[in-house]
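Reviewing the structure listed below.
The values are calculated or read from the model by the stated rules, or taken from the named source; none is laboratory data. Keep in mind it's a predicted model, so treat the numbers as computed, not measured. Positions of Cβ are backbone-derived with ideal geometry, glycine not excepted, and every protein chain shown enters the neighbour counts. These accessible areas exclude ligands, DNA and RNA; they are computed on the full protein's heavy atoms, side chains included. Shrake-Rupley method; radii C 1.70, N 1.55, O 1.52, S 1.80 Å.
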Amino acid sequence: QVQLVESGGGLVQPGGSLRLSCAASGFTFSNYAMSWYRQAPGKEREVVAVISGTGGTTNYPDSMKGRFAISRDNAKNTVYLQIDSLKPEDTAVYYCNRPSRLKSGLPIEGGYWGQGTQVTVSS
């Protein structure tokens, strides 16, 4: 049974940083690309980042480039999302995802999902 469990969210001031974690189980982790999505209040769920199974390739939508960094530790079956210089508009629920498929190097919505972790950026 595929299971994805996010952690690391919380309340942070603007300009701060967070490192989110996603612990995966129930599949051969290194065989699969992994991704992070987020959903802010009143907005659609959007992809933040994707990483290949080996960790050798990462990709981000243009809007996410610069402050977000995805990484993984296959020995720990864990994927991470580093967020720097947090802004209030980064407030969202962040979801770990194992995509069903990719299009143009980015995951399409679907596959397996974690429950999400709340990131709130406020002073």
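Couple of notes before you dig in:
- Close pairs from the range 37-50: first in contact (Cβ under 8 Å) with a residue 24 or more places away in the chain, partner open to solvent by 20 Å² or more (accessible area, probe 1.4 Å) and part of a strand (DSSP E or B), Cβ under 6 Å, at least 6 apart: TYR37/VAL47; TYR37/TYR95; GLN39/VAL93; ARG45/GLN39; VAL47/LEU106; VAL48/ARG38; VAL50/ASN59; VAL50/LEU106
- Among the residues of the range 92-102, none qualifies, meaning not one is touching a helix residue (DSSP H, G or I) at 6+ places or on another chain (Cβ under 8 Å) and surrounded by 14 or more Cβ atoms within 10 Å (Cβ to Cβ).
- All positions within the range 81-91 that are within 14 Å of TYR37 (Cα to Cα) and either outside any strand (DSSP E or B) or open to solvent by 30 Å² or more (accessible area, probe 1.4 Å) (or both): GLN82, ASP90, THR91
- Test for SER35: is it surrounded by fewer than 18 Cβ atoms within 10 Å (Cβ to Cβ), of a type outside the set (Asp, Glu) and under 18 Å from GLY114 (Cα atoms): no
- If you go through the range 38-67 and keep only what is open to solvent by 50 Å² or more (accessible area, probe 1.4 Å) and in a helix (DSSP H, G or I), you end up with ASP62, SER63.
- Boolean, LYS76 is open to solvent by 60 Å² or more (accessible area, probe 1.4 Å), under 23 Å from VAL5 (Cα atoms) and charged (D, E, K, R): yes
- Scan the range 1-32 for residues that are open to solvent by 40 Å² or more (accessible area, probe 1.4 Å), under 19 Å from GLY110 (Cα atoms) and assigned to a loop (DSSP other than H, G, I, E, B) and the total you get is 4.
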